[in-house]
1. Quick one: is ASP88 among the charged types (D, E, K, R) and loosely packed, with under 14 Cβ neighbours inside 10 Å?
2. For region 63-78, give me each residue that is surrounded by fewer than 16 Cβ atoms within 10 Å (Cβ to Cβ), touching a strand residue (DSSP E or B) at 6+ places or on another chain (Cβ under 8 Å) and in a helix (DSSP H, G or I).
3. From the set of residues in region 151-164 that are in contact (Cβ under 8 Å) with a residue 60 or more places away in the chain, within 15 Å of the chain's Cα centre (by Cα) and part of a loop (DSSP other than H, G, I, E, B), which is nearest to SER49 (Cα to Cα)?
4. Applying the selection to region 25-76, what residues are over 19 Å from TYR92 (Cα atoms) and touching a residue at least 12 places away in the same chain (Cβ under 8 Å)?
5. Checking the structure you have, find out if any residue of region 20-37 is in contact with a Pro (Cβ under 6 Å, 6 or more places away or on another chain) and surrounded by 10 or more Cβ atoms within 10 Å (Cβ to Cβ).
6. Report, ordered by the first and then the second residue, all pairs with beta carbons closer than 9 Å, sequence separation of six or more or different chains, a first member in region 78-106 that is free of Cβ contacts under 8 Å to residues at least 12 places away in the same chain and more than 21 Å from GLY162 (Cβ to Cβ), and a second member that is assigned to a strand (DSSP E or B) and hydroxyl-bearing (Ser, Thr, Tyr).
7. Can THR93 be described as at pLDDT 95 or above and among the β-branched types (Val, Ile, Thr)?
8. ARG60 versus (1) surrounded by fewer than 17 Cβ atoms within 10 Å (Cβ to Cβ); (2) at pLDDT below 90; (3) not polar (S, T, N, Q): which is the lone unmet condition?
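The values are calculated or read from the model by the stated rules, or taken from the named source; none is laboratory data. Quick caveat, the model's predicted, so the values are computed rather than measured. Every residue, glycine as well, gets a Cβ built from its backbone with ideal geometry; the counts of neighbours run over all protein chains shown.
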Amino acid sequence: MRKIFNSKRGFTLIEMLVYMGLLSILLVVMVDLFAASLDAQLESQSTSSVDRDGQFLISRLSYDINRAQSIISPVLGSQSTSLQLSIDGVNYTYMLNNSNLQLTNNNGTDNLNSFDSTISNVSFQTLGNTNGKHSVRILYTVTSKTTRVSGPETKNFQTTMGLR
């Protein structure tokens, strides 16, 4: 006798529900990991841009102040939102314009911070005595433009540099 097996291969409703449940859990975990990695990347980008721009501004100001023969503005003892130096007969002016720290000299005007950040609370104060070499106290705030969950990254910078 010959037996005929009537086998229909397929999935039962229970098997489909189990597979769909496991797939849903896997997708939720993967989306959560992806979102967490994007948040970490934004945190890193904003911190990096603030630190990079803050350190560049300190380096650039230090370079020019060390080369300067005199501080034209602000005058001794006063405070200003701009700094003007005389370097080899050329005036170098640092000033805030539309949240950018700009350097103006005989070569034109350049933004010193990157497009990733804004500068605020800029203050220059000339220190020293009337017969000695002057120093400049510099304060500024760098804020990242990168939008993070916890808000923008902000860092205050303060330093004092002297003429040589």
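1. Against the criterion (among the charged types (D, E, K, R) and loosely packed, with under 14 Cβ neighbours inside 10 Å), ASP88 qualifies.
2. ASN66, ARG67
3. This residue is GLU153.
4. ASP39, LEU42, GLU43, GLN45, SER46, THR47, SER49, VAL50, ASP51, ARG52, ASP53, GLY54
5. No - not one qualifying residue is present in region 20-37.
6. Taking only residues 6 or more apart or on different chains, the pairs are ASN97/THR109; ASN98/THR118; GLN102/THR93; GLN102/TYR94; GLN102/THR109.
7. yes
8. (2)
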